[in-house]
Each structure stands twice: as structure tokens, then as C-alpha cells.
1. Mind checking which of Arg166, Arg218, Arg229 has the largest fluctuation in a GNM of the chain, springs on alpha carbons under 10 Å?
2. Among the lysines, select those whose C-alpha is under 27 Å from the C-alpha of Lys141, and discard any that sit fewer than 8 residues away in the same chain.
3. Just the number, please: carbon plus sulfur as a percent of the accessible area of the chain, 1.4 Å probe, no ligands or DNA/RNA counted.
4. Select from the chain the helices, each a whole stretch of DSSP H, whose alpha-carbon atoms run 24 Å or more along the helix axis and whose Kyte-Doolittle mean is at least 0.0; answer none if there are none.
5. Using only the Cα atoms of the chain, what are the Rg and Dmax in Å?
6. Scale the Cα Rg of segment 1-94 by the rule-of-thumb value 2.2 N^0.38 Å and send over the ratio, two decimals.
7. In nanometres, what is the gap between the two model label sites at Tyr213 and Glu158, each 7 Å from Cα along Cα-to-Cβ?
8. Once the dipole of segment 89-141 is set up with Lys and Arg at +1 and Asp and Glu at -1 on Cβ about the Cα centre, which of Val94, Thr109, Ile137 lies farthest towards its positive end?
Amino acid sequence: MNIHLKSADDIAKMRVAGRLAADVLEMIGPHVQPGISTGELDRICHQYIVEEQAAIPAPLNYNGFPKSICTSVNHVICHGIPSDGKILKSGDIVNIDITVIKDGFHGDTSKMFCVGEVADHARRLIRVTQECLYRAIGIVKPGITLGDIGHVIQQHGEGHNYSIVREYCGHGIGRIFHEDPQVLHWGSPGTGTPVQEGMTFTIEPMLNAGTRYTKLSRQDGWTVTTKDRRLSAQWEHTLAVTASGCEVLTLRSDESM
Ligand code: MF3
Ligand code: CO
Ligand code: CO
């Protein structure tokens, strides 16, 4: 394992990248309405990132990913590819995942959006998944372990009878999009890598309404769905570990911590 601890200067740059990624989620919110395609959402975000932010959309061409954002609708867990043929309709839930590169550093964040009128059971899945992220963020400080983070998420999610996706995880982030360590969303207290000041990583729990099992599309090589085709939700923030806790680098104005 090769964890890149960040200097104060590095974290200042990551704060900028994180702010920009959060701004994209705030900008796109009003566009997420019945009738819009995920391809159109991608074009709006791409244009905003490139033209207004003078930043780079990290997903575009990353390991061959063909678009600038990920849009994961309903039973899609993550890495959904935007397309003009995928039209959002009332009742859909969609995760939009934004990663930008600014001044060499990445900011990575995602949130769930409700399209039109969404059923209570879906809203509850979305809420509990966000609570998992917030509870995990709430314990991050030097001296805890990554297993502590996973445990908090697993306890809260499974405590509400949801399952936790295991094949995909949070990750170290900096000049490199996905670097060490892997941040699992399940685990046991006191196990795994100790958290240290200067670490920057994401936490991005994915919770399923049904079983935890996933399926990777053989058609496009990217889209990850629930095996049982029941709903999935995800929320993501990028954090920097400070002396006494952590700073959420991708905080939006609708959030407080
Ligand atoms: N943003 C995703 C993450 O949270 C990764 C997307 S990789 C892509 O780590 F290639 F699918 F864009
Ligand atoms: Co991420
Ligand atoms: Co992401």
C-alpha cells in the first residue's frame, strides 16, 4: 500500500477541486426533471466544468469511460453511462457522480436526486444511505481505523434491512483519481489501516433495497446493477483528515457539518 499524505498546500488545492465538484451537483439539480435524458445532463455538466470552471471532467476517457459524469438510475448501483436514449421519468431515483480535476487535484462527490414524485420506500433508502455517509464522516479522525468506518456504515445500513455493496468502495484521492487506501463500506471495529492526519479519501456507500449482489454489464463493461434489479442508492464525499477530525472538501450549501 502507498498512501500519499497531503501537505497543507495540497489540501488547499483539493479544497478548490472539491468545491468545484460540489458546485456541479448544485448547478445540475434544477435540470433533473421528468423528460430530460441522462445524455443531456452529461452535456450540461461537461460544458459547465470545461467552460465555467476551467476544469477537467475526470471520468471522460478514464479507463475508456465514454462520458464526463456517471448517472445511475434506479437499480443501477454505480458507473451508469449517460445516454440520449435514457429519459428520466417521474418516480425515478438517480445518482449523479461528479469528479473534476483542477490544478492537478481531484474532487469526487455524488448525490441522489428524486425525479418528480418518488415512492416513500425509495426515499427511505436514499435517506438511510445518506445517514450512513454522515455517520461515517462523523467518526473520522486520526487514530480510528478504516474498519471503524466500514462498521458504522454496515451497522446503520443493515440495521434498516438494507444490504451493503462490497465490490465497490471509497478510495484515496489526490493527484490520482483512485489511489490507496481502499475504503470499504463494511468491516469490524479496530481493523484495517489507521487513519492519519493528511490523508484524503472518499466515502461513498452504496446500499441496496434487496440483496447485496451486483452484476456488471457485458454490453458496455461499466454499468453496475443490482442482481435482483431492486433499487440502489449512493452518496459520496471527499474528505481530508485534520488533527482533530476531518474536513468535507465537497460540502454543498444544502448541507452543514
Ligand atoms: N466517481 C466514481 C467514484 O466515485 C468513479 C467513476 S470512474 C468512471 O470513484 F470511469 F466510471 F467514471
Ligand atoms: Co469516488
Ligand atoms: Co465518484
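1. Fluctuation is largest for Arg218.
2. Reachable lysines: Lys6, Lys13, Lys102, Lys111.
3. Numbers: 5370 of 11010 Å².
That fraction is 49 percent.
4. Working: long enough: 8-28 (30 Å, 0.50); 120-139 (29 Å, -0.13).
For the chain, where a helix must reach 24 Å along its axis and average at least 0.0, the hits are 8-28.
5. Final numbers for Rg and Dmax: 17.0, 48 Å.
6. Numbers: Rg = 15.2 Å, N = 94, 2.2 N^0.38 = 12.4 Å.
Its radius of gyration relative to the 2.2 N^0.38 Å reference: 1.23.
7. The two pseudo-label positions are separated by 1.8 nm.
8. Checking the options against the dipole of segment 89-141, the answer is Ile137.
The values are calculated or read from the model by the stated rules, or taken from the named source; none is laboratory data. On a predicted model such as this, the values are computed, not experimentally measured, just so you know. No Cβ is skipped: glycine too gets one built from the backbone with ideal geometry, and neighbour counts run over all protein chains shown. What goes into the accessible areas is simple: the full protein's heavy atoms, side chains included, and nothing from ligands, DNA or RNA. Shrake-Rupley method; radii C 1.70, N 1.55, O 1.52, S 1.80 Å.
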